[in-house]
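Enquirer: What follows is a single structure, and I will ask about it in a moment.
The values are calculated or read from the model by the stated rules, or taken from the named source; none is laboratory data. This one's a predicted model, so the numbers in the text were calculated from it and none came from an experiment. Glycine gets a Cβ as well: all are built from the backbone with ideal geometry, and neighbour counts include every protein chain shown. The protein model used for the area step is the full one, side chains on, heavy atoms only, and it has no ligands, DNA or RNA in it. Shrake-Rupley method; radii C 1.70, N 1.55, O 1.52, S 1.80 Å.
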Amino acid sequence: MRARKWMFAVLAVLLLAGCSRKQEVAPATLTGEAAKAGAKLAYEHAVGIELPKAQIDARVGAVREACETQRFGACNVLRITQGEWRSSLVVRATPGAVEPLVGMAGQGGKFVSRETHAEDLADAVNDNQRKQAQLDAYARRLDELASRRDLAVADLMALSHEQAQVQQQRESLQGEAAMQQRRLDTNLLELDFHDADAGSRGHRLSASLSGLLDQLIEGVGDALSAVAYGLPFLLLALPLALAWRWAWRRIVRRRNHPGT
């Protein structure tokens, strides 16, 4: 009986360990976020994915194509960065497109990090609306003044200049409002792809050996540069040293043999 209990205990521990390992590598879903009614929240997501190095470029290209062709909804590619061991893709998409894009990016890989945060744009939106209302009222006042017939030419020119300035400010605020609304209606998604073997012992050893070789080559280069820099001085010093040696030997010979 005691042996059976130990056997069941060992099996239970192995099963739990297997489940925990599965939970560690199971891909996690990440859904897009839409601001609730009355809220002014701009959502951003960052996802870290581990993939074999040979698959990263193709996966970045596939997700980029899915975004540009609007496969899962409105989507725009903002930035692509490709490196030897790491690549990233930044897109802006509707909330409904976030989850399928993340699932496509991490297919067959491992999700190592997820982050979602939101920026409250309520103050910025309200400030923009307040400024637009003030400019609209001011523009109407200028239009009323411009309709008067008793204005001098100089006043009309100054008034036209002021109207142009106000219109420029209004267009700037309208563009800013459109950008704010775009951030509220869509989510920013950053997909960061890492080489799955980058953290292995073999990779670390290879990186260390590569670094050692680079340092050795750099050291040899510095040594050769030092030799090349000092060689002209050596060529100049050699005749001087021979001349000094000859002169010193003559002086010593005269001291030892004054009559010679």
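Enquirer: Net charge near ASP185, counting Lys/Arg +1 and Asp/Glu -1 over other residues with Cβ under 13 Å of its Cβ?
Expert: The answer is +3.
Enquirer: Once you have the alpha carbon radius of gyration of the stretch 114-194, what is it after dividing by 2.2 N^0.38 Å, with N set to its residue count?
Expert: Ratio of Cα Rg to 2.2 N^0.38 Å: 1.70.
Enquirer: Still on this structure, please answer the following. Over the Cα atoms of the stretch 75-133, each weighted equally, I'd like the Debye log10 I(q)/I(0) at q = 0.15, 0.26 Å⁻¹, rounded to two decimals.
Expert: Each listed q corresponds, in turn, to -0.68, -1.23.
Enquirer: Aspartates and glutamates near LYS110 by alpha-carbon distance under 18 Å, same-chain residues fewer than 8 away left out - which ones?
Expert: Answer for LYS110, where 18 Å is the Cα cut-off: GLU24, GLU50, ASP57, GLU99, GLU190, ASP192, ASP195, ASP197, listed by chain and number.
Enquirer: Hey, any idea what % of the stretch 29-130's accessible area is carbon plus sulfur with a 1.4 Å probe?
Expert: Within the stretch 29-130, the accessible surface is 46 percent carbon and sulfur.
Enquirer: I'd like the accessible area for GLU99: 1.4 Å probe, protein heavy atoms, all chains in place, Å² to the nearest 10.
Expert: The accessible area comes out at roughly 80 Å².
Enquirer: A further question on this structure: Provide the per-residue ³J(HN,Hα) series for the stretch 168-176, in order, calculated from phi with Karplus coefficients 6.51, -1.76, 1.60 and θ = phi - 60°, each as a whole number of Hz, with x at glycine and proline positions.
Expert: Working through the residues one at a time gives 5, 5, 5, 5, 5, 5, 5, x, 5 Hz.
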